[in-house]
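Accompanying notes for the structure given below.
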Amino acid sequence: MVKAIKKPRGTGKVIGRFTVSPLFLQRSAVIALLSFFFFLAMLVGYSLRGHFGYLILAAAFFVLHIFSLSGVWMLRKKSIGIFENGLEFRRRFIAWSELEAADFPPGSAGALRLKSGETIQLPANIERAQALESYIVCRLAG
């Protein structure tokens, strides 16, 4: 199922959407699934054997499961939308005229510097990061 891209008003046509790499989402989902499985196994162990240690382990796996699910939810929200008149990151629209410079050091996340002096750090686990980098650099150059 493909989600429709919601765009803010006055942004122009949608150029592209850069989301978190599925590899990172898959890793988080596997950890959440395994922690839930171990949570259930510890509950079964507690009900069969009655040792209090199983209940403590079940609680620990449940907490791990909750943190893993919240991590998956937060990863899904980290996306960058590219529009004709600017880009959107974390529900904030930044016009191309507001951008002063972009810094993309090799092997790390990029950073956008605004004319107001503010620096915006882009996530390092974005899919197609080099295409995003080349588009932003081309827009700033011309």
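Restricting to region 68-89, name every residue that is open to solvent by 60 Å² or more (accessible area, probe 1.4 Å) and at pLDDT 85 or above.
LEU69, GLU84, ASN85
For the structure I just gave you, tell me whether GLU88 is within 24 Å of VAL14 (Cβ to Cβ), of a type in the set (D, E, K, R), outside any strand (DSSP E or B) and out of contact with any helix residue (DSSP H, G or I) (no Cβ under 8 Å at 6 or more places or on another chain).
No: the conditions fail for GLU88.
Being without any contact (Cβ under 8 Å) to a residue 12 or more places away in the chain and closer than 14 Å to PHE89 by Cβ is the filter here, so list the residues in region 115-142 that pass it.
Pass one, region 115-142, residues without any contact (Cβ under 8 Å) to a residue 12 or more places away in the chain: 117-119, 130, 134, 138, 141-142.
Once the filter is applied, which keeps residues that are without any contact (Cβ under 8 Å) to a residue 12 or more places away in the chain and closer than 14 Å to PHE89 by Cβ, region 115-142 yields GLU118, THR119.
With the requirement that a residue be surrounded by 14 or more Cβ atoms within 10 Å (Cβ to Cβ) and either in contact (Cβ under 8 Å) with a residue 24 or more places away in the chain or β-branched (Val, Ile, Thr) (or both), what does region 100-109 give you?
Residues satisfying the conditions are ALA102, PHE104.
Which ones in region 110-142 are open to solvent by 40 Å² or more (accessible area, probe 1.4 Å) and of a type in the set (A, V, I, L, M)?
Filtering region 110-142 down to residues open to solvent by 40 Å² or more (accessible area, probe 1.4 Å) leaves 113, 115-119, 121, 124, 127-131, 133-135, 137-142.
ALA124, ALA129, ALA131, VAL137, LEU140, ALA141 - these are the residues of region 110-142 that are open to solvent by 40 Å² or more (accessible area, probe 1.4 Å) and of a type in the set (A, V, I, L, M).
Tell me which residues, restricted to region 94-111, are among the charged types (D, E, K, R) and more than 18 Å from PHE83 (Cβ to Cβ). Spell out how you get there, then give the answer.
Restricting attention to region 94-111, the residues satisfying the condition of being among the charged types (D, E, K, R) are 98, 100, 103.
Listed by number, the residues that qualify are GLU100, ASP103.
Keeping to region 90-113, report how many residues are hydroxyl-bearing (Ser, Thr, Tyr) and modelled with pLDDT of 85 or more. Talk me through it step by step, then tell me what you get.
Going residue by residue through region 90-113, those that are hydroxyl-bearing (Ser, Thr, Tyr) are 97, 108.
Checking which are modelled with pLDDT of 85 or more leaves us with 97.
Qualifying residue count, region 90-113: 1.
The values are calculated or read from the model by the stated rules, or taken from the named source; none is laboratory data. All values derive from a computational prediction rather than experimental measurement. Here Cβ is always computed from backbone atoms with ideal geometry, including for glycine, and neighbour counts include all displayed protein chains. When the accessible area is computed, the model is the full protein with side chains, heavy atoms only, and any ligands, DNA or RNA have been set aside. Shrake-Rupley method; radii C 1.70, N 1.55, O 1.52, S 1.80 Å.
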